[in-house]
Amino acid sequence: SSGGVSAPGVIGYCTYTLTDKENPTVTSSGILKSTFNNIAPVAVSDEYSISSNNNLTVSVNPLENDHDHGDGPENTVPAGKKIWFQNALGQNTAIKFDTIPAGLNFKAEFSGPCPEAYARETCYGGNIEFSVKNNLSQFDYPVKYSVFDSEGTESNQATITLKNVAKNTNTSSSGGGGSMGVLGV
């Protein structure tokens, strides 16, 4: 064994010999065959507050809460191994947005083509700034996304919920109809 990380789908063989403890002349040998499969990364849903105090704008990095348990915690991954899919410049561009609500703009720090099977789509990374197009909006904005690990395996779908805490503060208007009389001289 080289001690290196095996690529997904690669078949590995290992020989072994078992020796009887009581009678060391009795042995049995064999070959083990194994196939290594990549475990998909995990995208975790997040919620952020937006309000008129922050101009209905928030900057997030979805990868901070997402993980790839198949490769182990980030601090135990061998030096030089990438956790997340990266663009040609070596920047983490592992986020693929599945739905962006119509009333929302976004700007990403990094972008590039998604991995192989999704190469026609754009993936994003780094800090991502979301801003609501209408600053009078009182709606929440769910953003659906998934992430890719360094092997190009896609995660589950998760949601970034931009929870709008701006409330309708118009208390001076009254509801209902009525009539107004005109008093003449």
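The values are calculated or read from the model by the stated rules, or taken from the named source; none is laboratory data. If you're wondering where the values come from, they're calculated on a predicted model, not measured in any experiment. Here Cβ is always computed from backbone atoms with ideal geometry, including for glycine, and neighbour counts include all displayed protein chains. Surface accessibility is based on the protein's heavy atoms, side chains included, excluding ligands, DNA and RNA. Shrake-Rupley method; radii C 1.70, N 1.55, O 1.52, S 1.80 Å.
Computed from the Cβ-Cβ distance with R0 of 41 Å, the FRET efficiency linking Thr161 to Tyr16 stands at 0.20.
Close amide H partners of Asp68, meaning residues 5 or more places away or on another chain with modelled amide H under 5 Å apart, are Val42. Of all aspartates and glutamates in the structure, the ones whose alpha carbon falls short of 17 Å from that of Lys96, not counting any fewer than 8 places away in one chain, are Asp46, Glu64, Asp66, Asp68, Glu109, Glu116, Glu121, Glu129, Asp149, Glu151, Glu154. Backbone amide hydrogens, once placed in the peptide plane, bring Trp84 within less than 5 Å of Ser150, excluding anything fewer than 5 places away on its chain. A 1.4 Å probe, protein heavy atoms only, puts the accessible area of Phe110 near 50 Å².
With K and R counted +1 and D and E -1, the other residues having a Cβ less than 9 Å from that of Tyr145 yield a net charge of +1.
Rounded to the nearest Hz, the phi-derived 3J(HN,Hα) couplings of segment 59-64 under the Karplus curve 6.51 cos²θ - 1.76 cosθ + 1.60 (θ = phi - 60°) are 10, 9, 10, x, 5, 4, where x marks glycine and proline.
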